[in-house]
Amino acid sequence: MNKIEMIMPKMGESIMEGTILKWLKKEGDIIDEDESILEVATDKVDTEIPSTCSGKISQILVKEGDVVKVGNPIAIIEKNESKNEENFEKVIVDTLENNFDEIREDIKPTQLIEKKSYENLKSDKFFSPLVLNIASRENISLSDLEKIVGTGDNNRVTKYDLLKYLEDKNQIIIENNKQIDSDEEIILNDGEEIILNDGEEIIETDRVRKIIANRMVESKRISPHVTSFVEADITGVFNARKKIKDKFLEKNGFPLTFNPIFIICVCRALKEYPMMNISYKNNKIIKKNYINIGIAVALEDDNLIVPVLKNCDNLSFMEIVEESNKLINNTRENKLKPDDLDGGTFTISNVGSFGNIMGTPIILQPQVGILAIGSIRKIPSVIETSKGDEIAIKNKLYLSHSYDHRIIDGALGGKFAQKVAYNIENFDLFSNINI
């Protein structure tokens, strides 16, 4: 019987852990490859995880409610194949080697012992090739290896014993060096007992709201936010859309909203100002040679989620219309995949959909900018004509561009917002759509 170790899969570029919501199968159940066996929640989306092979669930290694790092084992599956234990060890070693950096990313010791080979060393204890492989990779001396209390047969040191040893060792180092900023400590836990007055009640925050709250505090702590405001005349686009929106809906089966217009105008501005399409980490600028636009979408419970439209710079306007409609609908119907929420390089938030004329949005880390788009309003405006200045009714909106002032100065932040406004004012809808 060949045993296969199923690990917590990678569910997006920035997702490093997940919470086990529910096991859909139990130990002893027969399963098919790609059959969903558990539900996992990340800080972005809940999703079902399929089995990596057909067989029987021999052992479930994590409980519902556990938080598991990407790459860590979650179950053992028995395949109906005749392979000896030596081959089983090799399969696990190869799997571990392929995923080792991911598995151990957060628990690598900060003080390393000189790396050595164990081939010629003698010990009274038996260590499997897998354990020796990990010990070699992690620079653990043979004497330290012999001190680990094994939980396997005949007190044999297993892979899990070794990883637990490393995690505990690293945790001690972290705790000894950990210094929490006093202001942050107050934000995270003020330690104050809640005393209710007459007419007050406590409402427990759900998991999503807690995640959003932490992300917002974290973003404001990381990035000094500055916001530039620009007014855009959208009269031309507004009138053009009004003429064709009914025919567009009849022909395509989905509406023509303003969102795709905003997306393509932002995309074109990012092409002209590529230093807005970056992230900033460890005092290094990471320039993105692709444009992935995050679209903030409000849900029925008033929570906000940001799916990402990938490679906008390579899409036609009609492709942006189709893909953005599909992405927004999937968001509201809870049909998103983890990858749909990952990899954004810049974000748009249409606060005008709530009737707001402007806003000061918070940056979605590790991006450096976010654009809020206000509601479209009819405004009496002074215009220049051949007869002189006149007053006319125009459709206008405000753009609010928040950016990371560590790396983006006011000149760049302001010019970028102005360029988006220019693109909106001069967007030719008729040349981009065939009706």
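Numbers for the structure displayed
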quantity: The range 363-435: equivalent-ellipsoid semi-axes (sqrt of 5 x gyration tensor eigenvalues, Cα, Å); calculated: 30, 18, 12
quantity: Rule-of-thumb Rg ratio for the range 209-432 [Cα; 2.2 N^0.38 Å; N residues]; calculated: 1.03
quantity: For the range 209-432, with +1 on Lys and Arg beta carbons and -1 on Asp and Glu, the positive-most of Ala213, Gly352, Leu429 along the dipole; calculated: Ala213
quantity: Pairwise FRET efficiency - Lys147 versus Asn432, Cβ, R0 = 45 Å, nearest 0.05; calculated: 0.05
quantity: Cα-projected label distance for Phe254 with Glu167, points at 7 Å along beta-carbon direction, nm; calculated: 4.2
quantity: Sorted by Cβ density within 10 Å, fewest first, the residues Ser36, Ser316, Ser386; calculated: Ser386, Ser316, Ser36
quantity: Footprinting exposure proxy for Glu384, Glu33 (fewest neighbouring C-beta atoms within 10 Å first); calculated: Glu384, Glu33
quantity: Pairwise FRET efficiency - Ser386 versus Ser36, Cβ, R0 = 56 Å, nearest 0.05; calculated: 0.25
quantity: Order of Met8, Met358, Met276, Met216 - criterion: other Cβ atoms within 10 Å of each residue's Cβ, fewest first; calculated: Met216, Met358, Met8, Met276
quantity: Kirkwood-type radius of the range 208-336, with distances r between different C-alpha atoms, in Å; calculated: 17.1
quantity: Cα convex hull of the range 328-368, projected area averaged across orientations, nm²; calculated: 3.7
quantity: Lysine pairs within the range 289-435, Cα separation less than 21 Å, 8 or more sequence positions apart or different chains; calculated: 10
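None of the figures in this text is laboratory data; all of them are computed from the coordinates on show. Fair warning: this is a prediction, and the values are worked out from it, not measured in the lab. Every residue, glycine among them, receives a Cβ derived from its backbone with ideal geometry; neighbour counts consider all protein chains shown.
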